[in-house]
1. Can you list residues from other chains, or at least 5 along the same chain, whose modelled amide H is less than 5 Å from the amide H of ILE155?
2. Any idea how far apart PHE275 and ARG198 come out in nm if each label point goes 7 Å out from Cα toward Cβ?
3. What are the equivalent ellipsoid semi-axes of segment 67-128, built from the alpha-carbon gyration tensor (square roots of five times its eigenvalues), in whole angstrom, biggest first?
4. Hey, if you drop one equal point scatterer on each alpha-carbon of the chain and run the Debye formula without solvent, what base-10 log of I(q)/I(0) do you get at q = 0.09, 0.13, 0.15, 0.17 Å⁻¹?
5. By the gyration tensor of its Cα atoms, with a ≥ b ≥ c the square roots of the eigenvalues, what is the shape of segment 19-155: rounded for a/c under 1.5, prolate for a/b over b/c, or oblate?
6. Any idea what the dipole of the chain comes to, in debye rounded to 20, about its Cα centre with Lys/Arg Cβ at +1 and Asp/Glu Cβ at -1?
7. Classify segment 207-251: rounded, prolate or oblate, from the alpha-carbon gyration tensor (a ≥ b ≥ c, eigenvalue square roots; a/c under 1.5 rounded; otherwise prolate if a/b is larger than b/c)?
8. Using alpha-carbon positions, what is the distance between the centroids of segment 72-105 and segment 210-263, in Å?
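Readers should treat all values here as calculations from the given coordinates under stated rules, not as data from a laboratory. Since we're looking at a predicted model, the values are computed, not measured. So basically every Cβ, Gly included, is an ideal-geometry build from the backbone, and we count neighbours across all protein chains shown.
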Amino acid sequence: MTYAGVIERRFGDGGPSGEGSPDNEFIRRVISRKTVRRYSDAIPDETLLDLLVAAALSASAKSDFQQASILRVTDPAKRAAIGALFPGMPWIGLSPVFFVFLGDARRLQRIGQLRDKPVRNGTLEGFFNASIDAALALQTMTLCAESTGLGVCPISVLRNEIDKVADILSLPDLVFPVAGLCLGYPQGEGHVSLRLPRRVTTHRDAYDDSGLSGALDDYDRRRNARHAIPMDQHRSNAEFGEAAFYGWSEDKARQAAKAEGAAFPPYLRAHGFTFD
Ligand SMILES: Cc1cc2nc3c(=O)[nH]c(=O)nc-3n(C[C@H](O)[C@H](O)[C@H](O)COP(=O)(O)O)c2cc1C
């Protein structure tokens with residue numbers, strides 16, 4: 001497919017088409033990427049997995065502090081124990097491969113101790129830097145894996161059961177999961193998810209979101225025409241009532257109104273983070 005084709009499928013917003021730029025297979029693949037939650041039985045080669053880990057750890061890292069760690073869960077009992085925590089997401093227990101990308105603020109603090117320097121890395125800065133390093137490693141593995149025909153699904157829901165996950169994986173203080181990553185060869189086609197129009201998510205020279213409301217209505221309508229949200233997936237009808245039109249923004253507003261991740265802040269505070 002041309003740049004114009006993949007961009008239209010991703011955004012459908014009538015914005016820049018990329019045509020005229022030199023052809024680049026990787027960019028076309030990135031614009032066409034999709035999260036994969038169902039996998040064939042094929043097991044990726046260990047050598048390929050090693051390569052993907054090397055690629056992930058080649059992501060840039062704040063101040064060269066290198067605060068990402070990658071934990072692969074291979075023990076069937078541990079896989080099953082983690083999977084059982086999230087019965088609504090069976091792909092967590094079933095994917096052929098499962099990694100956990102860790103924000104690792106511990107290593108730098110240990111380096112400080114080993115070099116006899118007063119490093120306190122449980123600060124907001126330490127947390128933020130470690131989170132970003134882990135997220136960049138996660139996304140680097142994602143794009144590299146997808147470039148080889150693999151499919152992945154990041155798993156941040158791990159943080160909703162952080163105490164149990166940390167126990168299963170023996171995570172020490174100052175080390176926390178940013179997200180898991182299910183990985184395997186896709187079963188089925190899936191679909192490219194329509195993104196918000198770029199006039200909403202891009203700005204030039206100054207931030208301006210004055211057009212949000214109208215753009216959202218347009219996006220909801222276009223997204224609904226491609227992939228309507230099935231009735232049985234409408235959230236919180238008891239609380240908010242049945243929506244006359246249940247589009248993406250209605251769904252996300254309802255989702256975000258139910259705070260997620262309540263266990264995460266107390267876990268972090270009890271495990272070395274002061275956020276000062
Ligand atoms: C940090 C992060 C965490 C995510 N956590 C989950 C998760 O716990 N479970 C899940 O099924 N999908 C998860 N996803 C996948 C998103 O739902 C998915 O990326 C989004 O719906 C957009 O779809 P697309 O990637 O196919 O464009 C996560 C994605 C990211 C980036």
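1. Amide H neighbours of ILE155, under 5 Å, 5+ apart: GLY180, LEU181, CYS182.
2. Output for this residue pair reads 3.6 nm.
3. Equivalent-ellipsoid dimensions as semi-axes: 33, 12, 8 Å.
4. Once normalised to I(0) and log-transformed, intensities are -0.53, -1.10, -1.36, -1.48.
5. oblate
6. Computed about the Cα centre, the dipole is about 160 debye.
7. Numbers: a/c = 3.07, a/b = 1.63, b/c = 1.88.
Oblate, because a/c is 1.5 or more while a/b does not exceed b/c.
8. If we compute the Cα centre of each part, the gap is 29 Å.
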